[in-house]
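Enquirer: The following block contains the structure, expressed as structure tokens.
Coordinate-derived values only; no laboratory data. Every value quoted in this text rests on a predicted model; they were computed, and no experiment measured them. Cβ coordinates were reconstructed from backbone atoms using ideal geometry, including for glycine residues, and neighbour counts include every protein chain displayed.
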Amino acid sequence: MKPNFDLKGKIALVTGATHGLGMAMTKALAHQGATLVINGHTPSKMEAAIKDYASEGISVHSYLFDVSDAIAVDKAISKIEAEIGDITILVNNAGMIQRVPALEMDPEDFRKVIDIDLVSPFIVSQRVAKTMVKNGQGKIINICSMMSELGRDTVSAYAAAKGGLKMLTRNLATEWAKYNIQVNGIGPGYFATEQTAPIRVDGHPFNDFILNRTPAGRWGNPDDLGGAVVFLASSASDFVNGQIIYVDGGILATLGKPAGE
Ligand SMILES: NC(=O)c1ccc[n+]([C@@H]2O[C@H](COP(=O)([O-])OP(=O)(O)OC[C@H]3O[C@@H](n4cnc5c(N)ncnc54)[C@H](O)[C@@H]3O)[C@@H](O)[C@H]2O)c1
Ligand SMILES: O=C(O)[C@H](O)[C@@H](O)[C@H](O)[C@H](O)CO
């Protein structure tokens, strides 16, 4: 039987999809025929995003809500279900990072990162899964990170959250497999987006470090995630559950090499 990557008739919600990786994954899902619902929490960014999608002939349904607010999430998902239909694919992409040495990190800032990057995917997944359980099908895709596997100076809260998100993925996969819901993750390597703009400057030691550390020798382009998200959203991955697919140009496969070699 031919693997089926077609997403016609599917409704996908991508959180934090006004730009960056969320936008690229939304476009990939739309190109496979899915109906797209995008979330954001900044009205001006949402307006600009809708124009960007339209310029590529993609029409999206947009909903502004804060993914960390369980009441707002419940209201928004109920509204989406009434206005668009039941969500069959959820991509938990919204996230944030703080780059602060652990000795200087304010515990409240640590808590905020955990709230957005770990608790929020739980909140949105739980609400969306209630309907997926009734329908007997669903795909949930959590956007993890290299920091789901590795540590690095200054990103203690982010690494704790993204490591936790990997384990949340495995746990929800375990609990919800019986309802025909697959919960998987994508772990992007280092990608050229707003989030990495401060460390992706020519001549910045971190920029040189990443180019040298990545076997592919380049930063990821957001479009590099399209194949993985379509696979995990489609029936081609129906027996894949609790996995994280790392899309990282080979970083996790290697110890790296000395600069200049
Ligand atoms: N850029 C990278 O190299 C990289 C690598 C690995 C993982 N990631 C992860 O991929 C995801 C997207 O990354 P990006 O680089 O596009 O980041 P980004 O910072 O450019 O975008 C994050 C999005 O999340 C949204 N968001 C944040 N808090 C929110 C909230 N409370 N409610 C609703 N939306 C909220 C933002 O508005 C934004 O649209 C994040 O989870 C990030 O941690 C990024
Ligand atoms: O400061 C950092 O190290 C980066 O911003 C990361 O954490 C990446 O964005 C990404 O998540 C890696 O996979």
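Enquirer: When only C-alpha pairs under 8 Å and at least 6 residues apart count, what is the relative contact order of the chain, in percent?
Expert: Relative CO of the chain lands at 20 percent.
Enquirer: For region 81-185, what D do you get in µm² per second when you plug the Kirkwood radius from alpha-carbon pairs into Stokes-Einstein at 25 °C and 0.890 mPa s?
Expert: Taking Rh from Cα pairs, D becomes 170 µm²/s.
Enquirer: Pairs of alpha-carbon atoms within less than 8 angstrom and 6+ residues apart define the contacts here; what relative contact order does region 205-261 have, in percent? Please report the intermediate quantities before stating the final value.
Expert: Working: 35 pairs, mean separation 28.7, N = 57.
Here the relative contact order equals 50 percent.
Enquirer: Sort the following peptides by mean Cβ neighbour count (other Cβ atoms within 10 Å, averaged over residues), highest first: 52-59, 156-163. Please report the intermediate quantities before stating the final value.
Expert: Values: 52-59: 12.2, 156-163: 22.6.
Ranking the peptides 52-59, 156-163 by packing returns 156-163, 52-59.
Enquirer: Any idea what diffusion coefficient region 100-146 gets from Stokes-Einstein, in µm²/s, Kirkwood Rh on alpha carbon pairs, 25 °C, 0.890 mPa s?
Expert: 192 µm²/s
Enquirer: Along region 67-81, what does the Karplus equation 6.51 cos²θ - 1.76 cosθ + 1.60 (θ = phi - 60°) give for ³J(HN,Hα), rounded to whole Hz, x for Gly and Pro?
Expert: Values per residue, Gly and Pro as x: 5, 8, 9, 4, 6, 5, 5, 4, 4, 5, 5, 4, 5, 4, 4 Hz.
Enquirer: So how do HIS19, HIS204, HIS61 line up by other beta-carbon neighbours within 10 Å, fewest first? The partial results should precede the final answer.
Expert: Numbers: HIS19 18, HIS204 12, HIS61 15.
In order of increasing Cβ crowding within 10 Å: HIS204, HIS61, HIS19.
Enquirer: Going down the list LYS45/LYS112; LYS139/LYS162; LYS2/LYS51; LYS45/LYS75; LYS79/LYS162, which pairs span over 27 Å between their C-alpha atoms?
Expert: Details: LYS45/LYS112 22 Å; LYS139/LYS162 19 Å; LYS2/LYS51 36 Å; LYS45/LYS75 21 Å; LYS79/LYS162 29 Å.
From the list (LYS45/LYS112; LYS139/LYS162; LYS2/LYS51; LYS45/LYS75; LYS79/LYS162), the Cα-Cα distance tops 27 Å for LYS2/LYS51; LYS79/LYS162.
Enquirer: At a 10 angstrom cut-off on C-beta neighbours, averaged per residue, how do the peptides 244-255, 1-12, 113-124, 38-49 rank from highest to lowest?
Expert: Top to bottom by mean Cβ count within 10 Å: 113-124, 38-49, 244-255, 1-12.
Enquirer: Do the sum for the chain: with -39,500 (n - 2.57) for every DSSP H run of n ≥ 4, divided by all residues, what is the mean residue ellipticity at 222 nm, to the nearest 500 deg cm²/dmol?
Expert: Helices in the chain give a 222 nm mean residue ellipticity of -12000 deg cm²/dmol.
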